[in-house]
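What follows is a short report on a single structure.
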Amino acid sequence: MPSAHEYFSIGRRLFATAAGCALLGLAVCQPVLAAQTVAATGGPFTPALAANGIIATGGRLESTGELTRLTFDVERSFDVHGFLLADPNRVVIELPEVNFQVDPTIGLRAPVAATRPKGKRGPLAGAEPAKPLAGVIRSYRFGYFAPGKSRIVIDLAEPARLVRAVVETQPGRRPRLVVELSPIARPAFLASVQKAAPSQSVAASAIPAASISQARPVVVVDAGHGGVDDGAHGGPGAVEKDIVLEFARNLAARLDKSGRYKTILTRSTDIFIPLNDRVKIAREAGASLFVSIHADTLADDPQVAGATVYTVADQASDVAAARLADKENQSDAVAGVDSGGDAGEVADILFDLTRRETRSYSQVFARTLIDYVGEVARLNKNSRRAAGFRVLKAPDVPSVLLELGYLSSQGDSSNLVSVAWREKVAGAVASAVDRFFVARGVVSASAQPTEAAGQLKESFNSVAARGADRADR
């Protein structure tokens, strides 16, 4: 299946290992349990691995006086560049491609445990905001960013200056990547903020011309998050970016095998792609459908479970949908990208007509998707919602976001890491895509039309009729 990034040499996936540890304040370094075990490549540094690229292990964090220091062990020296971003306040450390053999959750904040009154259901009570990890560092994350590049993104607890970011080398000792920060007044911080270099736009150039064909409908499957942006975390080995990537690959393979569609993955590896580039990939490919795959988490209520389908809307359908859209729309910020907001939209009658019809088709597919997924998996009690998701805002591509479940739910998390469960649900999504295009008359049906297909056909006719009516006006 073609991918918007397959022409790049990406390298290896992000690995997790039990080699990480953290120093909070002056605490003694303690090992951190790995989120998952990687056979053959996980574990301590070995010379054999060095030949395959830069290896980083043993993330450590310490705070002494006004100085906060983050270090990683590396096997050789390389160039390091850092810059500051505001709103939210972050420090971004740019690196060559690095294989971080460190627990990916090591830099996440741990909120104070919440409780639920005995015999009560609903959200947990008494949860407190997570505290900074150490000094000026609230939290941090690391991973692949772009072909040949990795990043460390540090969330600041207060304005800070980047004292230094360098690989230290000393005779007889292993090199260390060192990042040092110290507090600074906000006016001075803002004066030091540099605009991040514009993210490489991959949408137009990364899709081989041969893959953009109108002979078959183009379906873009978008695996959410990726690279330095892990997305949600569940139990050991349950990381959203990995789960949704495997699901997206499975779905794309099923659609390709049918021979009815040209399928494009926005990412086929563990790499970060800005939200606007995901939309641009679909539009440049002339996509007929865009499906973004995610898995949510809700730490304050682990009883919430089930799949949910979202469409775009100017006004959210409910508070929970608005909250999720706000979180997903922060993906660029998580990766240290200054997205600059949405691109301006053209104030044009035909543009508005196209957008309205596109949203109507999106809603039709959302209903179809819920019907099919509901046959094989648990649905959330409010399974169809809408909000202002940036990744769904292509004005001319019907788009939905499928939240497969909640990693904060024990049952959902078990399903999400199950290969058999993902294959079953991917099959249901593929069937929903088939039904969507059959009802539109874009692809031929392999069987006799069903009652559901007839109802779906009526929905499409209704959308077309409304469009014609608006055009006449």
Region 159-174, subset in contact (Cβ under 8 Å) with a residue 12 or more places away in the chain and within 16 Å of residue 69 (Cβ to Cβ), residue surrounded by the fewest Cβ atoms within 10 Å (Cβ to Cβ)
164
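Each row is one residue, and each column tells you yes or no for (1) in contact with a Pro (Cβ under 6 Å, 6 or more places away or on another chain); (2) under 23 Å from residue 433 (Cβ atoms); (3) assigned to a strand (DSSP E or B); (4) of a type in the set (Phe, Trp, Tyr).
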position: 377; (1), (2), (3), (4): no, yes, no, no
position: 396; (1), (2), (3), (4): no, yes, no, no
position: 404; (1), (2), (3), (4): no, yes, yes, no
position: 408; (1), (2), (3), (4): yes, no, no, no
position: 411; (1), (2), (3), (4): no, no, no, no
Right, residue 153: assigned to a strand (DSSP E or B) and either at pLDDT below 85 or over 23 Å from the mean Cα position of the chain (by Cα) (or both) or not?
no
Going through (1) over 21 Å from residue 283 (Cα atoms); (2) without any contact (Cβ under 8 Å) to a residue 24 or more places away in the chain; (3) not small (Gly, Ala, Ser) one by one, residue 429 fails only at (2)
So which of 377, 366, 347, 426 ends up being among the aliphatic types (A, V, I, L, M), more than 24 Å from residue 303 (Cβ to Cβ) and either modelled with pLDDT under 95 or surrounded by fewer than 21 Cβ atoms within 10 Å (Cβ to Cβ) (or both)?
347
For residue 215, are the conditions met, namely being touching a helix residue (DSSP H, G or I) at 6+ places or on another chain (Cβ under 8 Å) and either assigned to a helix (DSSP H, G or I) or surrounded by fewer than 23 Cβ atoms within 10 Å (Cβ to Cβ) (or both)?
no
For residue 193, state whether it is of a type in the set (Val, Ile, Thr), at pLDDT 95 or above and surrounded by 12 or more Cβ atoms within 10 Å (Cβ to Cβ).
no
Filter result for the condition that a residue is among the hydroxyl-bearing types (Ser, Thr, Tyr), crowded, with 20+ Cβ neighbours inside 10 Å and in the same structural domain as residue 288 (by TED's automatic domain parsing), over 414, 399
399
Do we find a residue being under 21 Å from residue 191 (Cα atoms), outside the structural domain of residue 335 (by TED's automatic domain parsing) and of a type in the set (Lys, Arg) anywhere in region 56-63?
no
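The values are calculated or read from the model by the stated rules, or taken from the named source; none is laboratory data. Here the structure is a predicted model, which is why all the values come from computation and not from measurement. Cβ coordinates were reconstructed from backbone atoms using ideal geometry, including for glycine residues, and neighbour counts include every protein chain displayed.
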